[in-house]
Amino acid sequence: MITADALSVQFGGTTLFSDVSFSINETDKIALMGKNGAGKSTLLKILAGVNKPSSGNVSAPKGTVIAYLPQHLLTEDNATVFEETSKAFAEIFKMKEEIDALNEELTVRTDYESEEYYKIIERVSELSEKFYSIEELNYEAEVEKVLKGMGFSRMDFNRPTSEFSGGWRMRIELAKILLQRPDLILLDEPTNHMDIESIQWLEDFLVNSAKAVMVISHDRAFVDNITTRTIEVTMGRIYDYKAKYSHYLELRKDRRAHQQKAYEEQQKMIAETTEFIERFKGTYSKTLQVQSRVKMLEKLELVEVDEVDTSALRLKFPPAPRSGQYPVVVNGLYKAYGDHVVFKDADMVIERGQKVAFVGKNGEGKSTMVKAIMGEIDFEGKLEVGHNVKIGYFAQNQASLLDGELTVFETIDRIAEGDIRTQIKNLLGAFMFSGDDTTKKVKVLSGGEKTRLAMIKLLLEPVNVLILDEPTNHLDMKTKDIIKDALNAFDGTLILVSHDRDFLDGLVTKVFEFGNKRVKEHFEDIKGFLELKKMENLREIEK
């Protein structure tokens with residue numbers, strides 16, 4: 001059991017949270033929730049031993065292994081994928097080397113009666129007991145199994161890690177963590193750079209093979225599938241629910257309703273008591289009653305109502321100019337980079353007003369198809385963009401295309417038209433830009449902040465085909481809901497490249513699956529597609 005006791009954190013006079021206590025049991029699967037800036041990542045870092053609290057402490061039994069995957073990695077690039085992942089066993093290799101070296105020393109020493117000799121024997125015994133208590137490990141097979149689960153092919157194993165994007169390097173770090181079999185795994189946004197199959201593999205691992213887990217994630221389906229307990233950080237304190245995320249939302253709603261009722265009753269009582277004091281404070285016969293009521297008010301512990309985001313902002317895309325009946329038609333498309341064929345004989349018809357998803361493993365051609373539609377790459381075959389099509393495009397690198405010299409407010413103010421001009425502050429607030437944030441220059445923003453700003457820009461341009469490539473990676477659940485509502489109401493055509501099942505659910509009605517150099521059309525929504533995939537896999541096992 002790991003215990004956090006009376007943790008407090010202050011930054012420059014501001015209290016992030018105070019007197020926070022909780023325990024993590026052996027098999028707990030915990031979602032750490034709260035709005036952006038509430039202190040979730042800070043709490044995770046304290047549990048990981050990366051940061052120190054202002055007061056309080058974290059205690060764990062001797063030998064407890066806590067593994068932490070941060071949101072942003074600082075990795076070195078001096079090894080292959082297989083070598084880097086094998087570093088998970090560094091401690092075991094070190095132990096074996098030390099045992100071998102000490103045994104070698106015992107064979108050459110002759111001072112059998114000396115204290116030094118006895119110390120070496122003791123050390124060898126201690127290490128050997130530890131080493132041989134670890135189940136016999138075929139570490140190469142373990143590394144291979146985890147890397148394959150994370151979506152790496154055998155051909156990737158000997159490639160340098162420097163050839164991989166940040167998302168793939170994140171998976172290497174995650175593989176190292178999973179191989180250490182830690183007592184507690186701390187994960188900060190682990191699914192941001194994963195495709196649906198890798199997320200499903202990770203879910204299965206965390207539920208069936210991991211011990212205790214604490215996760216911060218904006219992927220609602222992921223959180224619901226793996227956790228059974230929710231700790232919410234809000235207004236400097238925590239609430240602990242023995243419930244998964246979707247149930248916690250209902251319980252929190254009830255809690256707020258009770259708080260609101262208690263708050264209103266207390267305010268009424270305070271008003272009546274204050275009125276009595278004012279009315280009779282000069283009346284001799286009521287002096288004792290007045291004094292007792294004054295003391296009661298002084299000692300009264302005020303009921304607080306947890307903050308709730310009341311900005312019921314409804315985002316709306318501008319009306320889509322009418323396009324032709326078929327905005328995108330693809331026939332026999334072929335694309336290769338050198339010897340590597342991305343896809344061949346790809347066919348696709350997207351009708352006006354359809355909302356479709358591109359899904360499949362990373363590297364199977366989803367973003368390549370988007371680039372072909374955008375006219376950014378050469379290809380063989382036929383691809384037609386329909387009459388009067390105006391495309392709004394959100395790429396994963398969209399953030400880098402912003403003007404770094406403008407402020408956040410100026411970036412939006414320059415393109416906003418009509419009624420929305422009076423709503424710019426609210427719009428920015430919905431995307432977590434409030435107060436001084438709006439006057440920051442774009443060049444000082446983090447990657448996540450730039451992504452959110454690029455998303456707002458897209459919301460303001462009149463287009464009839466929206467292409468969004470992983471739009472939800474840096475958005476919290478509330479912001480994702482706002483965007484999802486806006487996309488549902490969008491009257492144009494939508495192409496979504498995403499691994500976020502919860503975001504796709506109820507939004508897209510058709511799925512194009514990329515894999516094995518093919519593009520396969522599925523006429524189901526995302527739930528139907530996933531059910532179908534599981535059935536296909538079962539049939540393959542039966543074969």
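Looking only at the stretch 7-47, residues that are open to solvent by 30 Å² or more (accessible area, probe 1.4 Å) and either part of a loop (DSSP other than H, G, I, E, B) or not hydroxyl-bearing (S, T, Y) (or both) come to 13 in all.
Given the criteria more than 30 Å from T42 (Cβ to Cβ), at pLDDT 85 or above, over 33 Å from the mean Cα position of the chain (by Cα) and of a type in the set (D, E, K, R), does E136 qualify? Against the criterion (more than 30 Å from T42 (Cβ to Cβ), at pLDDT 85 or above, over 33 Å from the mean Cα position of the chain (by Cα) and of a type in the set (D, E, K, R)), E136 does not qualify.
Checked against (1) under 13 Å from the mean Cα position of the chain (by Cα); (2) open to solvent by 10 Å² or more (accessible area, probe 1.4 Å); (3) farther than 17 Å from M170 by Cβ, K211 meets all criteria but (1).
With respect to the conditions (1) among the aromatic types (F, W, Y); (2) at pLDDT 90 or above; (3) under 23 Å from the mean Cα position of the chain (by Cα), F82 falls short on a single one, namely (3).
The condition of being modelled with pLDDT under 90 and of a type in the set (D, E, K, R) does not hold for K52.
Do we have K261 as charged (D, E, K, R), open to solvent by 60 Å² or more (accessible area, probe 1.4 Å) and either modelled with pLDDT under 90 or touching an Asp or Glu at 6+ places or on another chain (Cβ under 7 Å) (or both) here? When the stated conditions are applied, K261 does not pass them. Residue selection: K520 fails the criterion of being under 29 Å from D224 (Cβ atoms), open to solvent by less than 60 Å² (accessible area, probe 1.4 Å) and of a type outside the set (S, T, N, Q).
With respect to the conditions (1) assigned to a loop (DSSP other than H, G, I, E, B); (2) crowded, with 20+ Cβ neighbours inside 10 Å, I495 lacks only one, and its number is (1). Any residue in the stretch 374-392 that is over 26 Å from the mean Cα position of the chain (by Cα) and within 24 Å of I196 (Cβ to Cβ)? Scanning the stretch 374-392, I find at least one residue that is over 26 Å from the mean Cα position of the chain (by Cα) and within 24 Å of I196 (Cβ to Cβ), so the answer is yes.
Of all the criteria given as (1) modelled with pLDDT of 85 or more; (2) closer than 25 Å to R159 by Cβ, the one not satisfied by L74 is (1).
Give me the pairs: first residue in the stretch 340-360 and over 28 Å from N388 (Cβ atoms), second residue part of a loop (DSSP other than H, G, I, E, B) and of a type in the set (V, I, T), beta-carbon distance under 9 Å, and six or more apart or on different chains, which are they? Short answer, once both residue conditions are applied: none. No other residue among E197, E275 is open to solvent by 10 Å² or more (accessible area, probe 1.4 Å), at pLDDT 90 or above and either among the β-branched types (V, I, T) or in a helix (DSSP H, G or I) (or both) apart from E275. Where helices (runs of 4 or more DSSP H) fall wholly inside the stretch 386-489, the ranges with 3 or more residues that are open to solvent by less than 20 Å² (accessible area, probe 1.4 Å), out of contact with any Phe, Trp or Tyr (no Cβ under 8 Å at 6 or more places or on another chain) and closer than 23 Å to L507 by Cβ are 477-489. Here the stretch 214-244 is the region considered, the condition is being in contact with a helix residue (DSSP H, G or I) (Cβ under 6 Å, 6 or more places away or on another chain) and open to solvent by 20 Å² or more (accessible area, probe 1.4 Å), and the residue that is farthest from D502 (Cα to Cα) is Y241.
If the condition is being more than 22 Å from the chain's Cα centre (by Cα) and either among the β-branched types (V, I, T) or open to solvent by 20 Å² or more (accessible area, probe 1.4 Å) (or both), then the stretch 498-514 contributes T509, V511, E513. When the stretch 92-122 is filtered for residues that are touching a residue at least 24 places away in the same chain (Cβ under 8 Å) and either over 30 Å from E173 (Cβ atoms) or not hydrophobic (A, V, I, L, M, F, W, C) (or both), the ones remaining, listed by number, are K96, E98, L102.
Residue pairs whose Cβ atoms lie under 8 Å apart, sitting 6 or more positions apart in sequence or on different chains, and linking a residue in the stretch 258-287 that is over 18 Å from K299 (Cβ atoms) to a partner that is among the polar types (S, T, N, Q) and surrounded by 13 or more Cβ atoms within 10 Å (Cβ to Cβ), are F280/Q289.
Evaluate the stretch 326-341: report whether one residue or more is within 30 Å of I456 (Cβ to Cβ) and either β-branched (V, I, T) or in a strand (DSSP E or B) (or both). Yes, the conditions are met somewhere in the stretch 326-341.
The values are calculated or read from the model by the stated rules, or taken from the named source; none is laboratory data. Remember, predicted model here, so these are calculated numbers, not experimental data. Here Cβ is always computed from backbone atoms with ideal geometry, including for glycine, and neighbour counts include all displayed protein chains. Heads up: the accessible areas ignore ligands, DNA and RNA and are worked out on the full protein's heavy atoms, side chains in. Shrake-Rupley method; radii C 1.70, N 1.55, O 1.52, S 1.80 Å.
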